[in-house]
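Report on the following structure.
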Amino acid sequence: MKCYVCEKSGNATEAIAVCIVCGMALCKDHLVRADIDMWEGGYPFPPSKLKKKLPRILCKECYDALITQR
């Protein structure tokens with residue numbers, strides 16, 4: 001599988017990961033590894049943040065969208 005971002009620019013770089021949010025294939029130059037907060041809770045709310053974060057691989061667009069939401 002090829003990196004989607006590289007392929008759009010005419011390069012053929014092998015993908016090494018997939019964005020957990022949008023599913024885009026990514027090479028090492030276009031991925032972001034981030035520790036994302038985990039939340040638990042059901043009904044009734046409020047949810048609570050867990051003590052540990054979960055490591056995730058994201059594309060830059062999804063990473064920016066998640067960071068903006070915080």
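Below, the figures for the structure above:
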quantity	calculated
Flag for Lys28 being in a strand (DSSP E or B) and either exposed (fewer than 10 other Cβ atoms within 10 Å of the Cβ) or not aliphatic (A, V, I, L, M) (or both)	no
Search result, residues across the stretch 30-68 that are among the basic types (Lys, Arg) and farther than 30 Å from Glu7 by Cα	Lys49, Lys51, Lys52, Lys53
Selection within the stretch 35-70 - charged (D, E, K, R) and more than 16 Å from Cys22 (Cα to Cα)	Asp35, Asp37, Glu40, Lys49, Lys51, Lys52, Lys53, Arg70
Residues within the stretch 8-25 that are part of a loop (DSSP other than H, G, I, E, B) and farther than 15 Å from Glu61 by Cα, tallied	7
Condition check for Leu26: within 21 Å of Asn11 (Cα to Cα) and within 9 Å of the chain's Cα centre (by Cα)	no
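Coordinate-derived values only; no laboratory data. Note that the structure is predicted; figures quoted are calculated from it, not measured. Positions of Cβ are generated from backbone atoms using ideal geometry, with glycine treated the same way; all protein chains shown enter the neighbour counts.
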